[in-house]
Amino acid sequence: MLRMEIALFLVVAFVAYIYFSTEKEPTPLHRTFSLLLIAVLANLALDGATVYTVNHLDTVPELLNSILHRLFLGTMVVVIYLFYQYIAILVEEETGQPRKLDLPARIFLAVAVLGNFLLPLSYTVTPEGNYSSGPYMMVPYGAVAFYLLLCAGLLLANRKKIHRKKRQTMGVALLIEMVVCILQGLNHTWLITGMGSTLMTLSFYLTLENPEVLRAELVEQKLSMLHLKSQVNPHFLYNTLDTIRIQAQLDGNKKVADLLMRLVDFFRISVKVDRAMVTLDDEMELLEAYMELMCYRYPELRCEYDIDPELGDAQVPNFILQPIVENGLLHGLKNMGYRGKVTISAAKTAAGDMEIRVRDTGSGFAEGKKAAIDAMLQDYNKQPAKLTGNSIGILNVQKRIKLLCGRAYGLSYTENETGGVTAHILLPLKEEAK
């Protein structure tokens, strides 16, 4: 039996090595799976130790055996809790609905761990092998049953909203763990709980967290970023250059030099495709160059800024503001002859995040347009890649924010009471490492 625990530990250790050496974004899902791998490794190591100690009660000190056994069963509860967390986060990503069971799940975890270390521990000795028994065992196995039922309930309640592959993977993993638990309950001396956690981990790794999936996420992010940069309207470049040409004929060289400098600034900053995240100051420098040129082309267009100076070093996904502002100009102010104002503000939220707002005084949404935009942004992960169309900019911005910052963050729109619309960009507040 001990040889099985050693083999399982080596398998999971190899998986962990490959996983941790693979480049990936620190999303809540990936962070949870990283913690899960560590917890499973600890549980398997303790499982192997207790397989030996519980079958050598006459030679192993009682205190040592008790500590190892409690740690083993405690980590088993943590492993199943992390499985619940992983499934809950994945379901949230698929459905867009917030997790509602996290608080009771955490309270139950605290109670289970506390009971695991305080209740008296006893053992049953048999010719086939020894095992822990008595009322104490109701704590870890009750906790395992509780979390498995939570997972099953999440899957059943949202089965129509979850992608088929992900639903099947989670369902099979849960079925495996339930079968192992039933077999362990019927045959106490088998001691196969480690096999269940290992098989669940492997099923998630092979289908949802393997290096190919992670690489595909990064490739999608980089391609969308490159494509988004390529979507800078060529008419903007041509019209600006034409404006500069006309100005060169009618005026002196200082204004031409200034315009050329801003144009150079815009394209110099916008080609930084190798950095997924930049400071808000860098992003604003790009946007200011763009808006200065636009305001020169359209003299009745104004732009105002209200940026909290403490947020200059905050990290934001590269190249997200210019597409949002350009979208507002094209759909809100173009049919008004570019007469109006765009206001860009950035401030901390009460929850400790950062919100950037892009407000315009344009014509607002056409009838039914806001509902379509809201649906597209909410179901961003189900939208096919778009290479043409008016919404390509905001869809790619939404996808990159979700990928780089987490599913809790992103882009949304509201209509202004006085006319026009406001784009809301919610981001985590992280500063650049010094």
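The values are calculated or read from the model by the stated rules, or taken from the named source; none is laboratory data. The structure displayed is predicted, hence computed values, not measured ones. Note that we place each Cβ from the backbone using ideal geometry, even for glycine, and neighbour counts take in every protein chain shown. Accessible surface is based on the protein model in full, side chains and every heavy atom, while ligands, DNA and RNA are left aside. Shrake-Rupley method; radii C 1.70, N 1.55, O 1.52, S 1.80 Å.
Heavy-atom surface analysis with a 1.4 Å probe gives region 146-206 a carbon and sulfur content of 71 percent of its accessible area. Between the amide H of Val342 and those of Arg302, Cys303, Glu304, distances stay under 5 Å, these residues lying 5 or more places away or on another chain, with hydrogens modeled in the peptide plane. Solvent-accessible surface of region 148-189, taken per residue with a 1.4 Å probe and all protein chains present: 59 Å². Any idea of the accessible area per residue across region 278-434, 1.4 Å probe, to the nearest Å²? I get 45 Å² per residue for region 278-434. Near the amide H of Val278, within less than 5 Å, lie the amide hydrogens of Val316, Asn318, all on another chain or at least 5 residues away, with H placed in the peptide plane. Across region 177-182, rounded Karplus estimates of 3J(HN,Hα) from the backbone phi angles (6.51 cos²θ - 1.76 cosθ + 1.60, θ = phi - 60°) give 5, 5, 4, 4, 5, 5 Hz, Gly and Pro being marked x. Fully extending the segment from Leu156 to Asp308 would add 50.2 nm, taking 0.36 nm per residue of separation and subtracting the current Cα-Cα distance. Could you tell me the distance between the Cα centroids of region 272-311 and region 159-192, to the nearest Å? Measuring centre to centre over Cα atoms gives 51 Å. With the simple spin-label model, which puts each label point 7 Å out from Cα in the Cβ direction, the Phe117 to Glu355 separation comes to 4.0 nm. Averaged over its residues, region 33-114 has an accessible area of 42 Å² per residue, based on protein heavy atoms and a 1.4 Å probe. Placing pseudo-labels 7 Å out from each Cα toward the beta carbon at Leu175 and Thr189 gives an inter-label distance of 3.1 nm.
Residues whose amide H comes within less than 5 Å of that of Val421, counting only those at least five positions distant or on another chain, are Asp360, Gly362, Gly364, Asn416 (H built at 1.01 Å from N in the peptide plane).
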